[in-house]
1. Restricting region 315-339 to residues that are of a type outside the set (Ser, Thr, Tyr) and at pLDDT 90 or above, which is most open to solvent (accessible area, probe 1.4 Å)?
2. For a quick check of your reading: which strands (runs of 3 or more DSSP E) sit entirely within region 1-80 and have at least 1 residues that are closer than 30 Å to residue 398 by Cα?
3. Cβ-Cβ under 9 Å, sequence separation 6+ or interchain: first residue in region 24-36 and under 10 Å from residue 137 (Cβ atoms), partner of a type in the set (Asp, Glu) and open to solvent by less than 70 Å² (accessible area, probe 1.4 Å). Which pairs?
4. Name, by its number, the condition in (1) among the aliphatic types (A, V, I, L, M); (2) closer than 21 Å to residue 190 by Cα; (3) touching a Phe, Trp or Tyr at 6+ places or on another chain (Cβ under 9 Å) that does not hold for residue 405.
5. Out of 95, 134, I need the residue that is in contact (Cβ under 8 Å) with a residue 60 or more places away in the chain and either closer than 19 Å to residue 172 by Cα or surrounded by fewer than 22 Cβ atoms within 10 Å (Cβ to Cβ) (or both). Which one?
6. Based on this model, can you work out whether residue 57 counts as in contact (Cβ under 8 Å) with a residue 12 or more places away in the chain and buried (at least 22 other Cβ atoms within 10 Å of the Cβ)?
7. I need the full set of residues from region 156-174 which are among the small types (Gly, Ala, Ser), more than 26 Å from residue 205 (Cβ to Cβ) and buried (at least 19 other Cβ atoms within 10 Å of the Cβ), in order please.
8. Counting only residues that are of a type outside the set (A, V, I, L, M) and open to solvent by 20 Å² or more (accessible area, probe 1.4 Å), how many does region 343-364 have?
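The values are calculated or read from the model by the stated rules, or taken from the named source; none is laboratory data. In this text the structure is predicted, and so the values were computed from the model without any measurement. Backbone-built Cβ (ideal geometry, glycine too); neighbour counts: all protein chains shown. We work out accessible area using only protein heavy atoms, side chains counted, and drop any ligands, DNA or RNA first. Shrake-Rupley method; radii C 1.70, N 1.55, O 1.52, S 1.80 Å.
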Amino acid sequence: MQMRVVHEGGAETGLDSLLSAPAQRSVATVAVPGTGQTESELSLPYHGEQLRGGALLRRLETWADDGVIEPSCADAVRTVAAHPQWLRLPGRTVAVLGAGAEVGPVPALLSWGARVIAIDLPRPPIWERLLDTARRSGGTLLVPVAGDKPGQHQPGGSDEAIARRAGLDLISDVPAIAGWLAAVDGPLVLGNYVYADGAANVRLAAAADALTVRLQAARGDAALAFLATPTDVFAVPAEAVAQSVRAYATRPLAAKLAGRTLRTLSGGRLLRPAYLPGADPGINDSLVPQQGPNYALAKRLHRWRATLARDGGATVSMNIAPPSRTRSVMKNRALAAAYAGAHRFGVEVFEPATCKVLMAALLVHDLHTGGGPAHPHPWQDEAHAAAHGGLWRIAYAPRSALGLAAALGYAAARK
């Protein structure tokens, strides 16, 4: 793959030109302090309840026992719950690319009293939501307002006025964003939560990667954060393989008979066992073809940057998020149907409200523990604290079951 940058006027350069290109506009900062109460303990929304204390610990234990999350994920969240003073991320500023993302950490971090820089497109509805969230929280939101020329200053004003002027386009504003973030006081976290449909997702991922490299060169204290998708291919630990193998061996007689018939009729494609017994590590293939190659490539760029940065000594938080009923997923009929039927095969699909708080808690854990424990191999870093929704530990290879899940869930998805 060779990415190129097309400048105004049509001139093309290599992607590496973004590492030194001068900013074409200035960026002013508008601070939006919250007027609400700061949450003083970790609370996880789940099925209409707010789980905290013992209820939260029991839910984590149940998820781990059922194979919905890795035991190390439960351990990490328990540690954060035991250290509520961590939630504010004192002394740090978290810059969030894709601040309006449905499962991004901005609402949770603000509710915990953190200082957050929001970066998203210059679209007023996005900023109206973010500003409202910030005002009702106990945190502080820093909003970028771009000028047309370097050095041009844009003052604040009412929230309506700020929303009309706020925002930056990552694809075209890498130099301006990099210069702005390089000047932030104190330790900085750069969180990558960007998403776009189709080929734009790859362009966005490439721009975010160029920004990351440029910012790392400008300041040595930048920690990185990413959300990995569960619908990808991962090496998984022997414990996950063993639980999946047990689930396959002990499935009910009716499931065994139906599975044998379906495997025969499908030429072995349906309801296959997930792993060879004893595999260490196992290979979990949860790629969903309906999400397309652009989605897979964009997510691989994130994983590669996380691996390189961690190897270079940076603090990196990259955690696998569970399948979630986000708007981008639910507008795809096949994916919506598969998610509606996934529970029949042991996969738990999370509501976005649960997912974003859970993943924000893992981010807090990583930032207070230097990125979590170091492992001998990169795949072990990726597998640590994964919240995969069960895709790694169910009885069947996910791709051999999700088609049936879609057929079973189609009626529910239509509702």
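1. Restricting attention to region 315-339, the residues satisfying the condition of being of a type outside the set (Ser, Thr, Tyr) are 316, 318-323, 325, 327, 329-338.
Narrowing further to those that are at pLDDT 90 or above: 316, 318-323, 325.
Details: 316: 3, 318: 8, 319: 8, 320: 0, 321: 8, 322: 7, 323: 4, 325: 81 Å².
The qualifying residue most open to solvent (accessible area, probe 1.4 Å) is 325.
2. Working: elements: 4-6, 12-14, 27-33, 44-46, 49-51.
Result: 44-46, 49-51.
3. Here the result reads 32/159, each pair linking region 24-36 to a residue that is of a type in the set (Asp, Glu) and open to solvent by less than 70 Å² (accessible area, probe 1.4 Å).
4. For residue 405, the exception is condition (2).
5. Just a single option satisfies the conditions, and that option is 95.
6. Details: in contact (Cβ under 8 Å) with a residue 12 or more places away in the chain: yes; buried (at least 22 other Cβ atoms within 10 Å of the Cβ): no.
No, not satisfied.
7. Residues of region 156-174 among the small types (Gly, Ala, Ser): 156-158, 161, 163, 166-167, 172.
Right, trim to more than 26 Å from residue 205 (Cβ to Cβ) and you get 156-158, 161, 163.
Result: 163, single match.
8. Pass one, region 343-364, residues of a type outside the set (A, V, I, L, M): 343-346, 348, 350-352, 354-356.
Going one step further and asking which of them are open to solvent by 20 Å² or more (accessible area, probe 1.4 Å), we end up with 343-346, 348, 351, 356.
Number satisfying all stated conditions: 7.
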